[in-house]
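Quick notes on the structure that follows.
The values are calculated or read from the model by the stated rules, or taken from the named source; none is laboratory data. Remember, predicted model here, so these are calculated numbers, not experimental data. All Cβ positions, even for glycine, are placed from backbone atoms using ideal geometry, and neighbour counts span all protein chains on display.
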Amino acid sequence: MTAINPIVEGGPIAEAEALNDRLAGLDLAGRLSLVSGLGGRVVFTTSLGIEDQVLTAEIGTHRLPIDIATLQTGRLFAETLALIEETESQYDIRIHRYEPEKADIDAYAAQYGLNGFYESVEARHACCGVRKLKPLARALEGAAIWITGLRRGQSNNRAETPFAEYDAERHLLKVNPLADWDIEAIKAFVSANGVPVNPLHQRGYPSIGCEPCTRAIKPGEPERAGRWWWEQDETRECGLHVAEEAAAIAAQ
């Protein structure tokens with residue numbers, strides 16, 4: 001396990017380990033029900049991808065006390081924006097939008113250029129920081145638990161995703177209820193339950209982010225190969241789930 005601060009070792013780390021063990025033996029409905037009843041504010045952040053739509057469907061159908069938030073970066077596909085409204089209508093829910101601050105966008109553009117993320121990893125990380133990480137911080141204000149749609153099958157660097165972990169950077173429990181679901185299980189749930197999904201999935205986009213930073217994948221490529229495809233690092237992430245400095249400490 002990654003070295004941790006001894007101040008928190010006996011508290012949230014142990015709590016994450018215990019929760020991880022409890023979640024492992026439950027189905028998806030049981031996992032979400034358990035987490036929503038632990039107390040404190042629970043936030044699910046959705047990018048409207050197919051995994052996230054499964055979680056939204058469960059939360060909305062069962063009226064669970066879980067806040068649903070999305071990061072409206074200003075560069076999303078039109079199909080993604082339309083899906084937000086369709087999903088709200090189908091499940092009679094509110095998906096809270098968190099946008100970047102105009103001053104931050106202006107400062108980024110002045111330093112790197114509006115599309116400077118193509119020029120260097122540093123510039124791309126800075127763009128993700130402005131458009132995603134800072135809005136995420138606002139979305140998670142006051143939260144005790146953060147729910148995500150991470151799956152082990154999404155990429156090699158997500159292969160060890162636990163059901164629960166302590167996010168040492170954000171000081172909260174991070175829960176990944178779909179960690180052990182493969183893409184076929186996801187598709188089967190969507191089909192059986194009439195879950196609305198992004199039409200881009202049918203056009204070769206298994207993982208969908210900002211429009212300038214996402215392409216369709218080629219046959220045989222990993223699910224996330226179309227994200228920031230111009231970079232050579234196969235473990236590339238935006239920083240939401242792989243922090244730049246203080247990474248989440250997984251329950252081992």
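The rows are residues; the columns are (1) in a helix (DSSP H, G or I); (2) touching a Cys at 6+ places or on another chain (Cβ under 8 Å); (3) at pLDDT 95 or above; (4) farther than 29 Å from Arg97 by Cα.
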residue: Ile4; (1), (2), (3), (4): no, no, no, yes
residue: Ala14; (1), (2), (3), (4): yes, no, no, yes
residue: Arg22; (1), (2), (3), (4): yes, no, yes, yes
residue: Leu26; (1), (2), (3), (4): no, no, yes, yes
residue: Leu34; (1), (2), (3), (4): yes, no, yes, no
residue: Leu38; (1), (2), (3), (4): no, no, yes, no
residue: Asp52; (1), (2), (3), (4): yes, no, yes, no
residue: Glu58; (1), (2), (3), (4): yes, no, yes, no
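Can you tell me which residues in the stretch 174-197 are crowded, with 17+ Cβ neighbours inside 10 Å and not basic (Lys, Arg)?
Selection gives Val175, Asn176, Pro177, Leu178, Ala179, Trp181, Ile186, Phe189, Val190, Val195, Pro196, Val197.
This table checks each residue for (1) without any contact (Cβ under 8 Å) to a residue 60 or more places away in the chain; (2) of a type in the set (Gly, Ala, Ser); (3) more than 25 Å from Arg138 (Cβ to Cβ); (4) out of contact with any Gly (no Cβ under 8 Å at 6 or more places or on another chain).
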| position | (1), (2), (3), (4) |
| --- | --- |
| Gly25 | yes, yes, yes, yes |
| Val42 | no, no, no, yes |
| Thr45 | no, no, no, yes |
| Gly74 | yes, yes, no, yes |
| Gln90 | no, no, yes, no |
| Tyr98 | yes, no, no, yes |
Out of (1) within 19 Å of Thr73 (Cα to Cα); (2) among the hydroxyl-bearing types (Ser, Thr, Tyr); (3) without any contact (Cβ under 8 Å) to a residue 40 or more places away in the chain, the one Ser120 does not meet is (1)
For the stretch 140-168, which residues satisfy the criterion of being within 12 Å of the chain's Cα centre (by Cα) and either under 20 Å from Ala69 (Cα atoms) or among the acidic types (Asp, Glu) (or both)?
-> Trp146, Ile147, Thr148, Gly149, Leu150, Arg151
Criterion violated by Gly49 - all others in (1) surrounded by 15 or more Cβ atoms within 10 Å (Cβ to Cβ); (2) in contact with a Leu (Cβ under 8 Å, 6 or more places away or on another chain) satisfied = (2)
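Filtering the stretch 156-172 down to residues that are among the aliphatic types (A, V, I, L, M) and part of a loop (DSSP other than H, G, I, E, B), which residue is surrounded by the most Cβ atoms within 10 Å (Cβ to Cβ)?
We begin by selecting, within the stretch 156-172, every residue among the aliphatic types (A, V, I, L, M); these are 159, 164, 168, 172.
Subset that is part of a loop (DSSP other than H, G, I, E, B): 159, 168.
Numbers: Ala159: 10, Ala168: 20.
If we take residues in the stretch 156-172 being among the aliphatic types (A, V, I, L, M) and part of a loop (DSSP other than H, G, I, E, B), then Ala168 is surrounded by the most Cβ atoms within 10 Å (Cβ to Cβ).
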Counting only residues that are under 19 Å from Pro219 (Cα atoms) and without any contact (Cβ under 8 Å) to a residue 60 or more places away in the chain, how many does the stretch 184-204 have?
-> 4
Qualifying residues in the stretch 119-155 (those that are of a type in the set (A, V, I, L, M) and part of a loop (DSSP other than H, G, I, E, B)) - the one farthest from Ala103 (Cα to Cα) | Leu150
In the stretch 213-236, which residues are at pLDDT below 80 and out of contact with any Phe, Trp or Tyr (no Cβ under 9 Å at 6 or more places or on another chain)?
-> Arg224, Gln232, Asp233, Glu234, Thr235
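Out of the residues in the stretch 198-213 that are more than 14 Å from Leu48 (Cα to Cα) and touching a Lys or Arg at 6+ places or on another chain (Cβ under 7 Å), state the one that is surrounded by the most Cβ atoms within 10 Å (Cβ to Cβ). Break it down stepwise before answering.
As a first pass, look at the stretch 198-213 and keep what is more than 14 Å from Leu48 (Cα to Cα): 202-204, 212-213.
Imposing the further condition that a residue be touching a Lys or Arg at 6+ places or on another chain (Cβ under 7 Å) reduces the set to 212-213.
Values: Pro212: 13, Cys213: 22.
Checked the stretch 198-213; the qualifying residue surrounded by the most Cβ atoms within 10 Å (Cβ to Cβ) is Cys213.
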Check whether at least one residue in the stretch 71-83 is at pLDDT 95 or above, within 20 Å of the chain's Cα centre (by Cα) and closer than 21 Å to Glu165 by Cβ, and report yes or no.
-> yes
So Asp180 fits all but one of (1) modelled with pLDDT under 95; (2) under 18 Å from Ser207 (Cα atoms); what number is the exception?
-> (1)
Is it true that Ala225 is touching a helix residue (DSSP H, G or I) at 6+ places or on another chain (Cβ under 7 Å), part of a loop (DSSP other than H, G, I, E, B), of a type in the set (Gly, Ala, Ser) and crowded, with 16+ Cβ neighbours inside 10 Å?
-> no
